[in-house]
Each structure stands twice: as structure tokens, then as C-alpha cells.
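Okay, so here's the structure we're looking at.
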Amino acid sequence: MQLFKHLSRSSKSIYVRPAFGLSQFQQRNFAVRAQPDGAETSIGDVGEIFKVNYTVEYEQGLSDEQKKALKRFDIYRSNPNDPEDRPKYVSYYLDMQKCGPMFLDALIKIKDEIDPTLSFRRSCREGICGSCAMNIDGRHHLACICPINKTNTDKSTVSPLMFMFVLKDLVVDMSHFYAQYKYIDPYLKRKTPKEPGQREFYQSVEDRKLLDGLYECVLCACCQSTCPSYWWHPQDYLGPAVLMQAYRWVIDSRDEYTDERLEKIGGDMKLGECYQIGMCSLTCPKGLDPRKALEHLKHLYEEYKDRKEAELTTI
């Protein structure tokens, strides 16, 4: 049975994995990928597979008249492990009267009822795990909380997060992102041991409020993969998601490694590559403001540097 039939070729290439680490004007295209066993990250050439310029239609046995009443979803499909596979968009049609309200509902319905080979990540279905981050109609979202416009029969396009290695279809390699998150020591660090009988480190109400808008991050990497600075220097720049979480621990009143944390994330490439572009805040599906957090973090780092220089001059 023929599952796919050729639908169209676009006269304009659709870029889903552009250049990393080098000038965006260079011809070759690179992505960063973490290596096993704690080795340093490497830069790999993905120049052969980063363009998608054609679409095929999954054969559902529908007439042209039937398709007019259905919603069309163009979904990015790719299997880099198959040397014969060519990245493409595959079109599927769904009756929105029989589908849930969110894009994840549509993806699950397609996988369960139409094409079981479709691969994507999902877990909580409530926007709290960050698993189903992807690009939907040109903007990064969590598919489980991104509603489908059921009154609009125009096609919707779903593709993986940009500027990350695609493992298969909508599944991207998050290992480099998690390695960067691990680098900032995202947990409470104390120098003073607990007193006998002490079970918790308490905060004032005011100190606790400082963490609002920071701790809610679900590490979906939507902001990370939409940041131009991260596109250019992913091997060095920590990115908005990781740096916002670094800021969350820097300002935590219970933590006693503030200066050490600032020293670790400082520098031109790690923190200095943030140019306050703001795409991170525009994209965040949780409504957080990484740009503002990084602005405050940069001020704290500058104060730390000034204080450190002043201490050195008095020695």
C-alpha cells in the first residue's frame, strides 16, 4: 500500500536547523551535541540535512472534497539514522470535531489512528514537564497547552525546536542543554551546617517572593533554542533558560555560594553573550521573563566584579 504520495515542492527552502557557533553568513551549518562519558561537547556538521523543501501527503484514502472539511497538519519527519531518509513535511488531515483542543491531542490522534511511526515526546499534558516543546506555526510552544484554532481550516505546521540535533521527527537531542544546566549546580549549596535538630532553612515572605517568576521554569528549552545569541555560540553561551535558573539560585537567601556562582557563570561568553534581544521572553510558554532575569543577573555580576577588584587593590 502506498502510504505517501507526492504533494508539492516548495520553491523556497524551509530552514529548521541553521548555523551554530559561526557567522550566520557562512555556508556550512553546525550544531552542538554533548558527548558521552563526560567528554566535551562537539560541533557537528548538519549541512546535508538542515533544509526541508518538499512535502508529501500521508495516504488516508480521502477525496479532495473530504479534505476541505478537515484540518491539515504538516509535520516535520526525519530519521538521521537512516541514510536513505530525506527530511520532509508530511501532511495529515483530522476531523477537529473528533479531536481534543490542543496540538498534543492532534499529534496523539495522528499517532494512534493514522501513522504509528510518528515520534514526539510527551508526558504530563498539563504544561509542567516541558517534554512536548516544539515549533508550532513558526513559534515555539508546549504542544499540550497550545490550542488549535478549530474554526480555521488553514494548515498548521509542526516542526522540532530549532538549532538542535533532530534524533527523529519532533524529538531533539537535549543532552547539551542538560549538561549546561548541570554546570550551574542547580541546587541549594550551604557552607554553614545545620544546627542540631534543624530540619529546614527558612526564608522570609519577602525573600520567597523574589523567586516568583523563576522557579516555575519547566526546562522545555523553548527560550534557549529561540535565542539568536545561543544560535551563534551554543558551545559557550549558557543561554536564557540556564542563566535564569542560575539567577534563581544566586538570589536565594538560603544559598551561601553567591560569589562562587557569579564567578562560574561570568565572562564574555557565558553571561556576556546576552544582548537583551528579548526573544526568550516573547517565546516562553509559561509566561516568564528570562530577559529581565538576565538583566538583573548581569547587574549582580558587575557589582561582584567591582567588589572583587576593590578587594584586590586594598591588598
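Among the residues in segment 135-145, are any surrounded by fewer than 20 Cβ atoms within 10 Å (Cβ to Cβ), out of contact with any strand residue (DSSP E or B) (no Cβ under 6 Å at 6 or more places or on another chain), part of a helix (DSSP H, G or I) and among the hydrophobic types (A, V, I, L, M, F, W, C)?
Among the residues of segment 135-145, at least one is surrounded by fewer than 20 Cβ atoms within 10 Å (Cβ to Cβ), out of contact with any strand residue (DSSP E or B) (no Cβ under 6 Å at 6 or more places or on another chain), part of a helix (DSSP H, G or I) and among the hydrophobic types (A, V, I, L, M, F, W, C), which makes the answer yes.
Looking at (1) under 14 Å from the mean Cα position of the chain (by Cα); (2) surrounded by fewer than 23 Cβ atoms within 10 Å (Cβ to Cβ), which is the one condition that is false for Val166?
Val166 satisfies every listed condition except (2).
Residues are listed down the side, and each one gets a yes or a no for (1) of a type outside the set (D, E, K, R); (2) over 21 Å from Ile145 (Cα atoms); (3) not assigned by TED's automatic domain parsing to the domain that holds Phe165:
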| residue | (1), (2), (3) |
| --- | --- |
| Glu65 | no, yes, no |
| Ala69 | yes, yes, no |
| Phe73 | yes, no, no |
| Pro83 | yes, yes, no |
| Pro87 | yes, yes, no |
| Leu107 | yes, no, no |
| Ile110 | yes, no, no |
| Ile114 | yes, yes, no |
| Ser119 | yes, no, no |
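Identify all residues within segment 177-189 that are of a type outside the set (A, V, I, L, M, F, W, C), in a helix (DSSP H, G or I) and surrounded by 12 or more Cβ atoms within 10 Å (Cβ to Cβ); write none if there are none.
To start, the set of residues in segment 177-189 that are of a type outside the set (A, V, I, L, M, F, W, C) comprises 178, 180-183, 185-187, 189.
The next check asks that each one be in a helix (DSSP H, G or I); those that pass are 178, 180-183.
Scanning segment 177-189 gives Tyr178, Gln180, Tyr181, Tyr183.
Does Gly197 count as on the phi > 0 side of the Ramachandran plot and either surrounded by fewer than 20 Cβ atoms within 10 Å (Cβ to Cβ) or assigned by TED's automatic domain parsing to the domain that holds Thr258 (or both)? Lay out the reasoning, then the answer.
Values: on the phi > 0 side of the Ramachandran plot: yes; either surrounded by fewer than 20 Cβ atoms within 10 Å (Cβ to Cβ) or assigned by TED's automatic domain parsing to the domain that holds Thr258 (or both): yes.
Yes, satisfied.
Any residue that is in contact with a Phe, Trp or Tyr (Cβ under 7 Å, 6 or more places away or on another chain) and not aromatic (Phe, Trp, Tyr) - is there at least one of those in segment 115-130? Break it down into steps so the answer makes sense when it comes.
Keep residues of segment 115-130 that are in contact with a Phe, Trp or Tyr (Cβ under 7 Å, 6 or more places away or on another chain), which gives 115.
Adding the requirement that they be not aromatic (Phe, Trp, Tyr) leaves 115.
The answer is yes, given that some residue of segment 115-130 is in contact with a Phe, Trp or Tyr (Cβ under 7 Å, 6 or more places away or on another chain) and not aromatic (Phe, Trp, Tyr).
Only residues that are among the hydrophobic types (A, V, I, L, M, F, W, C) and under 21 Å from Lys292 (Cα atoms): list them for segment 189-231, please. Reasoning before the result, please.
Here is the first cut: in segment 189-231, the ones among the hydrophobic types (A, V, I, L, M, F, W, C) are 201, 205, 210-211, 214, 217-223, 227, 231.
Passing the criteria: Leu210, Leu211, Leu214, Cys217, Val218, Leu219, Cys220, Ala221, Cys222, Cys223, Cys227, Trp231.
Of all residues being surrounded by 16 or more Cβ atoms within 10 Å (Cβ to Cβ) and farther than 18 Å from Leu219 by Cα in segment 272-281, which is modelled with the lowest pLDDT? Just the residue, please.
So the residue we want is Glu273.
Could you please give the count of residues in segment 146-160 that are part of a loop (DSSP other than H, G, I, E, B) and either at pLDDT 95 or above or outside the structural domain of Tyr89 (by TED's automatic domain parsing) (or both)?
Let us first name the residues in segment 146-160 that are part of a loop (DSSP other than H, G, I, E, B), namely 146, 148-155, 160.
The next check asks that each one be either at pLDDT 95 or above or outside the structural domain of Tyr89 (by TED's automatic domain parsing) (or both); those that pass are 146, 148, 160.
Summing the residues that are part of a loop (DSSP other than H, G, I, E, B) and either at pLDDT 95 or above or outside the structural domain of Tyr89 (by TED's automatic domain parsing) (or both) in segment 146-160 gives 3.
From the list Arg121, Arg125, which one is assigned to a loop (DSSP other than H, G, I, E, B) and on the phi > 0 side of the Ramachandran plot?
On the way: Arg121 fails: on the phi > 0 side of the Ramachandran plot.
Result: Arg125 is the single residue among Arg121, Arg125 that is assigned to a loop (DSSP other than H, G, I, E, B) and on the phi > 0 side of the Ramachandran plot.
What are the residue pairs meeting all of these: first residue in segment 186-215, first residue in contact (Cβ under 8 Å) with a residue 40 or more places away in the chain, second residue among the hydrophobic types (A, V, I, L, M, F, W, C) and assigned to a loop (DSSP other than H, G, I, E, B), Cβ atoms under 7 Å, and 6 or more apart or on different chains?
Listed by first residue and then by second, the contacts come to Leu210/Ile251; Gly213/Leu288.
Hey, Lys109 hits all of (1) more than 27 Å from Gly239 (Cβ to Cβ); (2) out of contact with any strand residue (DSSP E or B) (no Cβ under 9 Å at 6 or more places or on another chain) but one; which does it fall short on?
(2)
Matching residues to (1) modelled with pLDDT of 95 or more; (2) within 24 Å of Ser204 (Cα to Cα):
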position: Ser229; (1), (2): no, no
position: Pro240; (1), (2): yes, no
position: Arg261; (1), (2): yes, yes
position: Thr283; (1), (2): yes, no
position: His299; (1), (2): yes, yes
position: Lys305; (1), (2): no, no
position: Glu309; (1), (2): no, no
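Tell me which residues, restricted to segment 125-140, are touching a residue at least 60 places away in the same chain (Cβ under 8 Å) and over 24 Å from Leu214 (Cβ atoms).
Asn135, the sole residue that qualifies.
Among (1) at pLDDT 95 or above; (2) of a type outside the set (D, E, K, R); (3) crowded, with 17+ Cβ neighbours inside 10 Å, which single condition is Ile265 missing?
Answer for Ile265: the failing condition is (1).
Could you list all residues from segment 283-301 that are free of Cβ contacts under 8 Å to residues at least 40 places away in the same chain and surrounded by 12 or more Cβ atoms within 10 Å (Cβ to Cβ)? Show your work before the answer.
Residues of segment 283-301 free of Cβ contacts under 8 Å to residues at least 40 places away in the same chain: 287, 292, 295, 298-299, 301.
Scanning segment 283-301 gives Lys292, Glu295, Lys298, Tyr301.
So which helices (runs of 4 or more DSSP H) stay within segment 190-299 end to end and still have 1 or more residues that are in contact with a Ser or Thr (Cβ under 7 Å, 6 or more places away or on another chain) and closer than 21 Å to Ala179 by Cβ?
Working: elements: 205-209, 228-232, 240-250, 258-265, 279-283.
The qualifying helices (runs of 4 or more DSSP H) are 240-250, 279-283.
The values are calculated or read from the model by the stated rules, or taken from the named source; none is laboratory data. Since the structure is predicted, the reported quantities are computational estimates derived from the model, not experimental observations. Backbone-built Cβ (ideal geometry, glycine too); neighbour counts: all protein chains shown.
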